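What follows is one structure encoded as structure tokens, with my remarks underneath.
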Amino acid sequence: MTKRQSDTTQSLLNALPNTNAPIYARLKSAILENIDSSTWLPEQRLPSEAEMVKALGVSRMTVNRALRELTADGVLIRQQGVGTFVAPKKAHSSLFEVHNIAQEIADRGHKHTTKVVELQTVKANTDQALRLGLRTGERIFKSTLIHFENQHPIQLEQRIVNTTLAPNYAEQDFTQLTPFAYLNKVAPITEGEHLVEAVIPNATEAEQLAISTHQPCLQIKRRTWSGQIIVTSARLLSPGHLFQLFGHFGRP
């Protein structure tokens, strides 16, 4: 065991509460204490199950239950054959506003990069036409991007765009600016709507987001208007353990 592993195990023992609660509950409390106090940092590796069993003198089943429940709560991430890690801090996004993801990442002091998977002109099918308020067969722009935060994929963006309001959309370099920044410049947002759901990604989406197909995601379907015309309809998919929405309500 390295000194760092030894220190991590010792901090776990130090935080273990002296109560009559079941040992798995006390273990969960100790883990949360180390995370909340920043003794353990995001993405830091925890002691292995075997190390915890030895240090605490408890059964592997007890340790496994504590880790399993904290993983289900999004506090920990478990990678089979690798170990258990403190989950990265979740990115916050306002439920009632539309923001530039590049700016949100920069505000956290992190680096934003983008991979363009698809950027083309297509004829709108019936579903796409309905989403943009157009006729089936009309020309639209279609794009698929992956947004990265410090080289980790944080959001898959699938978007269709009204060519009338953004005629040069397909000519933009979206590794240098985001679709949001461009569209809000050429057709400023005056109205928007969100539909938020928890979903399971398909195999392609899971691969693009570097997660398993069993890992839940937060999906936002968003449409925005400029004046009376729909500018764009987007589907934004983010790993559930990395993303959360926040909203503040005032008194009526």
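Out of all the residues in region 168-179, is one or more within 14 Å of V122 (Cα to Cα) and in contact with a Ser or Thr (Cβ under 8 Å, 6 or more places away or on another chain)?
Yes, region 168-179 contains a residue that is within 14 Å of V122 (Cα to Cα) and in contact with a Ser or Thr (Cβ under 8 Å, 6 or more places away or on another chain).
Would you check which residues across region 126-147 are more than 29 Å from the chain's Cα centre (by Cα) and surrounded by 17 or more Cβ atoms within 10 Å (Cβ to Cβ) and list them?
L134
Within region 149-184, restricting attention to residues that are loosely packed, with under 14 Cβ neighbours inside 10 Å and more than 26 Å from the chain's Cα centre (by Cα), which residue is farthest from E118 (Cα to Cα)?
The qualifying residue farthest from E118 (Cα to Cα) is P167.
Given the options K111, K185, K115, name the one that is among the basic types (K, R) and closer than 30 Å to I31 by Cβ.
Exactly one residue qualifies, and that residue is K111.
Within region 194-226, which residues are part of a helix (DSSP H, G or I), in contact with a Cys (Cβ under 9 Å, 6 or more places away or on another chain) and aliphatic (A, V, I, L, M)?
A206
Does E97 satisfy the condition of being at pLDDT below 85, among the charged types (D, E, K, R) and assigned to a helix (DSSP H, G or I)?
Here the answer is no, as E97 does not meet what is asked.
Anything in region 153-193 that is in a strand (DSSP E or B) and either hydrophobic (A, V, I, L, M, F, W, C) or under 16 Å from R222 (Cα atoms) (or both)? List them, or say none.
I154, Q155, L156, E157, Q158, R159, I160, V161, N162, E191, G192, E193
Taking region 129-152 only, how many residues are in contact (Cβ under 8 Å) with a residue 12 or more places away in the chain, not acidic (D, E) and not in a loop (DSSP other than H, G, I, E, B)?
Residues in region 129-152 being in contact (Cβ under 8 Å) with a residue 12 or more places away in the chain, not acidic (D, E) and not in a loop (DSSP other than H, G, I, E, B): 13 in total.
Given I189, I229, I220, which one is surrounded by fewer than 16 Cβ atoms within 10 Å (Cβ to Cβ), touching a residue at least 12 places away in the same chain (Cβ under 8 Å), within 20 Å of D127 (Cα to Cα) and in contact with a Ser or Thr (Cβ under 9 Å, 6 or more places away or on another chain)?
Among I189, I229, I220, only I229 is surrounded by fewer than 16 Cβ atoms within 10 Å (Cβ to Cβ), touching a residue at least 12 places away in the same chain (Cβ under 8 Å), within 20 Å of D127 (Cα to Cα) and in contact with a Ser or Thr (Cβ under 9 Å, 6 or more places away or on another chain).
The values are calculated or read from the model by the stated rules, or taken from the named source; none is laboratory data. Predicted, not measured: the structure shown is a model, and the values here were computed from it. All Cβ positions, even for glycine, are placed from backbone atoms using ideal geometry, and neighbour counts span all protein chains on display.
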